[in-house]
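> The structure under discussion is supplied below as structure tokens; questions concerning it will follow.
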Amino acid sequence: MVGSGGREHALAWMLAQSEACDELHAAPGNPGIAEIGHCHPVRAEDGEGLLAFCGEHEIDLVVVGPEAPLVAGVADQLRHAGVPVFGPGAAAARIEGSKTFAKEVMAAAGVPTAERLAVARPPCVVKVDGLAAGKGVFVCRTQAELDEGLRSASALGGQLLIEELLEGEELSLLAICDGQSAIPLAPAQDFKRLEDGDRGPNTGGMGSYSPVPRVGPSEVEELLDAVHRPVLRELSRRGTPFVGVLYAGLMLTDAGTRVLEFNCRFGDPETQSILPRLDADLLPVLEAAAAGDLRGDEIATGDRAAVTVVLVGADPLDRGDRGTPIDGVEDAKASGALVFHAGTAERSGRLLTNGRRILNVTGVGVDVGAARAAAYEAVGRISFAGMHYRTDIAANAEARVG
């Protein structure tokens, strides 16, 4: 397992349960992953180091979690050396690494997306073309927001895109792909803004939930036919088949579904809400996709719901929080919740903050309301100085279901 965040902890937790998993190793991992596997001081972007590690430990499958090493070509290095990898090569990972490239692919594939604008005037959306850790999108409804959005986006560097502002409900739909075919995971919805009521700046994600009301199997199949499969065909036609998770960020508008963005990896924090709902062994599916031979048309998902609340520390948008003691994690787990480590470190047996997003707390229940109650009950047992979280994750979904 390559990576060190909450998504990687959730994946490690899921994969370690597989009967096919003899040993689980993580590079570099985190204190949560260390409880279920072996962590090693190899950076996620260190292709040579990962390759040497795989040879030394006779690794049968590498799952790359974060986008940065995928865009940098780590999967190519491993795959060219004969190591099975679940994750796209650099050419296919450009679907996330360059929004301009993604627009070109969608245009060629006939996939509906937000219209690109020649002039920046409100309302519109300003996007940074390259990777920006979830902080490169600025929704601008007023001239003041546009001025600030352009300043903030320019400070991140690189080319900027101006798009029409789409209105509707957002949806995250992830699919396991083997280069040709796609099997969907359960739909999820995430919450990017820092504050309640979808206010404040975009973050890497403040929470998620699954299932999403009114998005059932038939709707998912329609979305795959309209979005994922045409993109897979276009990437294959270009000689860059996509092997890994193709994540479509969608907007369900009155005029139909539009693609907001593509990601080339498991969503974070959507994964933390999707995986606890699975009734299937995920490891053989990832192994088959990595081998280019994905069979079957579904990954069994249970009727239960899951809600994930992200806990951040001081300065969650910039340098993050490091070295602050964390209390209550074991107590939260004792309540029945899952606690995934996103930005933590352990020193002398003490759990400390070590990043922007610190912990992901996932509640599971018979419906969204029960899962939400379980998540927030567990959140109440955790504390550290400067801890912040949204109090409205999945609140609207609970109201609609109720």
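The values are calculated or read from the model by the stated rules, or taken from the named source; none is laboratory data. The shown structure was predicted, so the numbers you read here are calculated from the model rather than taken from an experiment. The protein model used for the area step is the full one, side chains on, heavy atoms only, and it has no ligands, DNA or RNA in it. Shrake-Rupley method; radii C 1.70, N 1.55, O 1.52, S 1.80 Å.
> Per residue, what accessible area does the chain have, given a 1.4 Å probe and all protein chains present, in Å²?
Values: 16310 Å² over 402 residues.
About 41 Å² of surface per residue is accessible.
> Could you tell me which of rounded, prolate or oblate describes the chain, using a ≥ b ≥ c as the square roots of the eigenvalues of the alpha-carbon gyration tensor, with rounded for a/c under 1.5 and, failing that, prolate when a/b is larger than b/c and oblate otherwise? Show your work: numbers first, answer last.
Details: a/c = 1.30, a/b = 1.07, b/c = 1.22.
Verdict is rounded for the chain.
> Moving to a separate point now. Do the sum for the chain: with -39,500 (n - 2.57) for every DSSP H run of n ≥ 4, divided by all residues, what is the mean residue ellipticity at 222 nm, to the nearest 500 deg cm²/dmol? It would help to have the intermediate numbers written out before the result.
Details: 15 runs with 127 residues, N = 402.
So the calculated ellipticity at 222 nm is -8500 deg cm²/dmol.
> Can you grab the distance from the C-alpha centre of segment 370-396 to the C-alpha centre of segment 1-68, Å, no decimals?
28
> May I ask you to give the percent of accessible area on the chain that is carbon plus sulfur, with a probe radius of 1.4 Å? Mind showing how you got there, number by number?
Working: 7870 of 16310 Å².
Here it works out to 48 percent.
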